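Below is one structure, written out as structure tokens; comments come after it.
No lab work stands behind these numbers, since they all come straight from the coordinates. Note that the coordinates shown come from a computational prediction; the quantities given were computed from them, not determined experimentally. No Cβ is skipped: glycine too gets one built from the backbone with ideal geometry, and neighbour counts run over all protein chains shown.
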Amino acid sequence: MSENKEKKSVFMSKLLKENPVFGLYLGICSTLAISTSINNAIGMGVCVTIVLVLSNILVSCVRNITPEDIHIPVYIVIIASLVTVVSMVVHAFAPTLFSSLGAFLDLIVVNCIILGRAEAFASMNPIGPSAKDGLNMGLSYTVSLLAISLIRQLLGTGMITWDNPFTGANVFSLRIIPETFTLPLMTSQVGAFLTFACLAAAVAAINNKEAK
Amino acid sequence: MKNFDKDSSAYKAVLLGIMCAICGLVLSVVNSITDPIIKEAELAEVKANLEIMFPGTSYEEIKDFTDESGLIQSVYRAKDQGVVFKIHAVGYNSNGFTFMTGIADDGRVAGYMVLEHGETNGIGSRAFEDDYISKVTSLNAGDDVPLLTGATLTSTAVKTGIEAAYKVFDAVK
Amino acid sequence: MNLFTLFLSAMLINNIILSKFLGMCPFMGVSTRTSNAFGMGIAVIFVIFGASLLSYALYYLVLVPLELEYMELITFILLIAAFVQLTDMIIKKHSPTLYKQLGIYLPLITTNCAVLYVAMDNITQKYNLIETIVNSIAVPAGFMLMLVIFATIRERLQGNDVPKAFAGNPIAFIIAAIMAIAFTSLSGLV
Amino acid sequence: MNALLGAAIAFALVGLNAWLYTANKKTPVPEGCEELKPDCSACGIRDCALRSALTERKEENNGDN
């Protein structure tokens, strides 16, 4: 019993401490900006995960043949072409998601997570582990994004809506908080900062308790 | 290939050259696949709205029109029925919004609908709901566009957009 | 859009940090001392202005005639990275004092989301040349203003006790939230 | 055809970048500025000058406390 409890806490701490958004404060620009609705969060999370996994794979493929002093331009070319391809595909096949993410789909390129992980991990490990690391990072980024956008959408509009990203048709919308008690402030910028601050503090508190 | 000296600039140039070639190729291939789909989607979206405003006629885009406000993105002529304007204006949300308005040949404002907008829902977005739409569609070319209390920023943006459309309408009529 | 409202809205109302959340990495990372914030602010103004004009020129002189609009993202990023390296080199060679103040921040700016956003925003908003110049000065000026205000608050916060969980970055976000409240009140200005 | 042009432009920019990058590494830091260590925890770029400065500082702290 205590063995898998210990394993669980290792996983928990790994998820929280290693968590790119709340632990390492990477990629905050896009996290705050687009976490106004679950659609944006999952759409962005999926795009970032795809780019992260593919860029980690490609970076770890070329890690032996790139000379040390020009590795930044090489990584930039890889990541930028991946993001352009993803952005074109999303623009063609999921127009509503593209218009709601707007410029942030292209800004994944300068998202500190991607270049950070490519540098810190993928350029030193073989393809398998870096792909897995890309996936882990992408998923925990999506989970953190989901956490913030759930809170902001719930408090801000009182409803949880999910519409099909490809056609934009509303799949389901569940009103939880009656219209009069919603805080439109939460969907605005101020709400983003507040939600992020509280969640980051909660994660820090859990990590501190874990450390003791 | 292995004994090739990795730090010589020739090796670097070749490596970068191959990478850029691959990236250029992949991008142009993907672009040639996705670009038609995007263009077609854009046209389909507009055609649906054109049908609503001026049903049952053929549409062609008017390319050369002078519009000093810079708000009008594209102008379509519904053959011998009227002219439709696709306008991008900036209201409360800095990313702006895109809407369409149609002016019939007899000067009546035949239609007004939003394509996509980021105005705060419940406040700015009221400028795209039915009561304001009916106010706008009851206007004639040249009339003053009424503002909407509570959504002043958005409705002012709509007003400037439609007034720019009036000017272009007179020029293109 | 007349230039003054463009300047005002780009600098204060649609401020790049408080309303677009861009440039958070340096905003959070470098703002513990106001002297740092000033150095970072000037470096960002210089880089965003230079990079946006270069990208504007590259787009309308090279990419549009060749119908290579889809290459916009790669070319802009490479251009920004090259421009940052160039300025870093020039400052290192010519003025040690300037390097002391802002040279050390230059490599950090290459991955700054704000620089790329402004370069691409000038294109998507279809600004002409003068509007691009105004926008490329106003946005980083807003960035610097917020960074300096933020750094002064954070410096003054050093002394008093903050709940343990909130220490470090979380409290910084609370400060940013309060600043966001203050500056959203300006939104009726334009 | 324009794929080749696109690749050529990318190659030119990457080449410029690589050349500037190596040239920048060579230019000596002006004297008296070596020990500048701004406290920035921005992102994970491994060889970013600030990161290496930071990690040195961390070793010093672990060393003496």
- Task: Scan the range A:138-193 for chymotrypsin sites (Phe, Trp or Tyr not before Pro) in coil per DSSP, keeping those whose Cβ has at most 14 other Cβ atoms within 10 Å, and list them by number.
- Result: A:166
- Farthest toward positive dipole pole in the protein assembly as shown [+1 Lys/Arg, -1 Asp/Glu at C-beta], among C:8, A:180, C:101: C:101
- So, in Å, what gap is there between the alpha-carbon centers of the range B:83-132 and the range C:83-106? 48 Å
- Query: Amide H of residue B:73: which non-local residues (sequence gap of 5 or more, or other chain) have their own amide H closer than 5 Å, using H built in the peptide plane?
  - Reply: B:86, B:87, B:88
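Using only DSSP helix segments of four residues or longer, with each worth -39500 (n - 2.57), what per-residue ellipticity at 222 nm results for chain A after dividing by its residue count and rounding to 500?
-22500 deg cm²/dmol
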- Query: Which one of A:39, A:55, B:120 is farthest out on the positive end of the charge dipole of the protein assembly as shown, using unit charges on Cβ (Lys, Arg +1; Asp, Glu -1) and the Cα centre as origin?
  - Reply: A:55
- residue C:145 versus residue B:39, label points 7 Å from Cα toward the beta carbon: distance in nm? 4.3 nm
- Task: Using the Karplus curve 6.51 cos²θ - 1.76 cosθ + 1.60 with θ = phi - 60°, work out ³J(HN,Hα) for each residue of the range B:53-58 in order, rounded to whole Hz, and write x for Gly and Pro.
- Result: 6, 10, x, x, 8, 9
- Note on the structure: Measuring from its Cα centre, the range A:25-211 shows a charge dipole (+1 at each Lys and Arg Cβ, -1 at each Asp and Glu Cβ) which, in debye to the nearest 20, is 280 debye
- Message: Suppose R0 equals 45 Å. What FRET efficiency, 1/(1 + (r/R0)^6) with r the Cβ-Cβ distance, do residue A:177 and residue B:13 give to the nearest 0.05?
- Response: 0.15
- At least 20 Å along the helix axis (C-alpha) and Kyte average at least 1.0, DSSP helices within chain A: A:38-62, A:71-93, A:189-211
- Task: Taking the Cα centre of the range C:3-188 as origin, sum charge times position over the Cβ atoms of Lys and Arg (+1) and Asp and Glu (-1), and report the length of that vector in debye to the nearest 20.
- Result: 620 debye
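Kindly state, to the nearest 0.05, the FRET efficiency for residue A:69 paired with residue A:99, given R0 = 41 Å and r defined as their beta-carbon distance.
Calculated transfer efficiency: 0.50.
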- Note on the structure: Any helix of chain C counts here only if DSSP assigns it H throughout, its Cα atoms span 18 Å or more along the axis, and its mean Kyte-Doolittle hydropathy is at least 0.0, and such helices are C:34-58, C:72-94, C:129-157, C:169-184
- Residues whose modelled amide H sits under 5 Å from the amide H of residue B:116, counting only those 5 or more places away in sequence or on another chain, are B:98
- Over chain B, calculate the relative contact order: mean separation of alpha carbon pairs under 8 Å at least 6 apart, over the residue count, as a percent. 16 percent
- Determine the dipole magnitude for the protein assembly as shown: charges of +1 sit on the beta-carbon of Lys and Arg, -1 on that of Asp and Glu, nothing else is charged, the reference point is the Cα centre, and the result goes in debye to the nearest 20. 1740 debye
- Item | Sum of side-chain charges, residue A:168 neighbourhood, beta-carbon under 12 Å (Lys, Arg +1; Asp, Glu -1) | -3
- Query: Which pairs, out of B:86/B:135; B:79/C:126; B:39/B:86; A:132/A:209; C:20/C:100; B:47/C:126, put more than 21 Å between their alpha-carbon atoms?
  - Reply: B:79/C:126; A:132/A:209; C:20/C:100; B:47/C:126
- Say R0 is 25 Å: what FRET efficiency, to the nearest 0.05, do residue D:12 and residue C:64 get from their beta-carbon distance? 0.90
